[in-house]
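Coordinate-derived values only; no laboratory data. Nothing here was measured: the structure is a model prediction, and the numbers come from that model. Cβ placement follows ideal geometry from the backbone for every residue including glycine, while neighbour counts extend to all protein chains displayed.
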Amino acid sequence: MTDKTEATNGAKAEEAKQLHEQDSDGYVVDVDTEAAGSETGVKVAKDGHTRLIPQPSDDPNDPLNWSWGKKHLILFIISWASFLPDYGSATGAVTLIPQAIQWETTPDTVNHSQAGNVFMLGAGGVVVVLLSAYFGRMPIVFWFLLASTATAAWCAAATSLDSFTAARILNGFFSTVSQAGGLMFIQDIFFFHERARKINIWSSFIIISPYAGPLLTAFMLVTQDWPIPFWVYFAMNVLALFLVAGWLQETYYDRSIPAAEQPAPGNRIGRLVGTAQFKSRHLRNTFGQACWRTVSVLIKPIILISCFFYAFTFAWAVGINTTLSIFVTPLYGFGPKQIGFFYFTPIVAVILGEVIGHWLHDANANYYIRSHKGHFEPEVRLRVIYLSIPLVIIGLVLFGQAMESAWHYMAAAVVWGLYVFGMMITTVALNSYCLDAYPEASGEVSAWLNFSRTVGGFIVSYFQVRWADAQGTKLSFGIQGAVCAAAVILIVVLQIWGKRLRAWAGPLNFNTN
């Protein structure tokens, strides 16, 4: 073995050791405390005492060293691309009735195309992360967005239910690329103390999108035929593709390799289509390792528990959204315009959740760090869920009451907003927790959480309407609220035993981060 190989392997071993220490012992965030000691050579933030985690290299090409503007441009591009999957999926929730009329079937039958699309938003995400671990981040985003753009046009041009369903399923698979892999980019370019705020921004694009889609679609349907909203969705995909082609960067960077030995980045076209990354694939994961990464993360106890919790709580958001027009049209006599106005409430709820969450998650973390001599444990992120989950439960229960008892539509909108606001706060807390626990698995964590929420929604969307018809919305949504309440037990388990479960399961020992 050459000296160069030994040095590289030693650097990788040291990096893995540091990651393992973070997993089992928490983070030392404040270097100005007794607990942190008098470390020398430790790079800190501009405040002079917040430790930079991970420690950036001295290479200006290291994404952690990029400028504020460059980092946030990438964050915006990824967030905009993450906005598209649920926006496009939920667009179909409002076009169910005119499509059913055109194709001489029932809205519930047309809704099957919606269910297939929702399932693929999760399944496609797992494939995205697997391929990114082998080929690199940037080319996977580009090629998947290209396919998403093409299938979006197919959705708009479909002339039969079978054609439309096939287009929707394929579009769901490809459009999810940034939604599933967004945490990879956040992990690559931002430090630990910045990530919760950035996840909050990224998550707000994702959670607001399924409400923005029906809102805008409903207003379009007042004067336009149903394909027009899908042509608008196509144009939004074109914009995302343009932004990716022009300004997205490859953010994967292996800090165990000295700057002088880093692979040549190649030209922009090479990085975009993947030929540049393919030349250096021997420095990343083999295809087998990329596949194993995906599996090994899911079998970690805290990730599996987190995914179950997310599925049990977020699934109802998808169920409500994909079937809302079926509920409110006969109850309130709503037309497309009124349905559009109804969707303002969850959008306001997401915005409020983003604003409050921007401070809440950091306040929660900073309080713990100050009171524990500069140390931080990932499980601390979960504390805010005890504030948000009661709103989730109340929102679901009262929404069912509103539908069955014919409450005023404004009351129904407000309680729906309570649920959405609670899920916005919960989503950021859960994503931050899993990322802090396994920072080297940012993509896999993102993909499995995305998979859990979409598969839960896929299942619920199949029986939401029939369940409500059979037992009434008061009972069906009451049971949904009870499921969310029971799911809190999983958070209690993570808070009490999460650290021990992480230590018992051991480190991931990935070849790369």
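For this structure, a couple of remarks:
- Within the shell of other residues whose beta carbon sits under 13 angstrom from the beta carbon of residue 271, the net charge comes to +2, with Lys and Arg scored +1 and Asp and Glu -1.
- Its DSSP H runs of at least 4 residues, each contributing -39,500 (n - 2.57), put the calculated 222 nm mean residue ellipticity of the chain at -26000 deg cm²/dmol, to the nearest 500.
- Karplus-derived 3J(HN,Hα), 6.51/-1.76/1.60, for each residue of the stretch 150-167, Hz, glycine and proline x: 5, 6, 5, 5, 4, 4, 5, 8, 4, 10, 9, 5, 5, 5, 4, 5, 4, 5
- Answer label for log10 I(q)/I(0) by the Debye sum over Cα atoms at q = 0.05, 0.10, 0.11 Å⁻¹ (calculated), chosen among (1) -0.23, -0.90, -1.06; (2) -0.25, -0.98, -1.17; (3) -0.19, -0.76, -0.91: (3)
- The H on the amide N of residue 30, modeled in the peptide plane, is under 5 Å from the matching H of 51, each at least 5 residues off or on a different chain.
- Restraint check, 373/499; 43/198; 198/499; 46/300; 71/337; 198/337, Cα-Cα greater than 30 Å: 46/300; 71/337; 198/337
- Cα centre as origin, Lys/Arg/Asp/Glu Cβ charges: the chain dipole, Debye: 260 debye
- The packing ranking of peptides 397-410, 83-96, 172-185, 374-387, highest mean first, is 172-185, 83-96, 374-387, 397-410, where packing means the average number of other beta carbon atoms within 10 angstrom of each residue.
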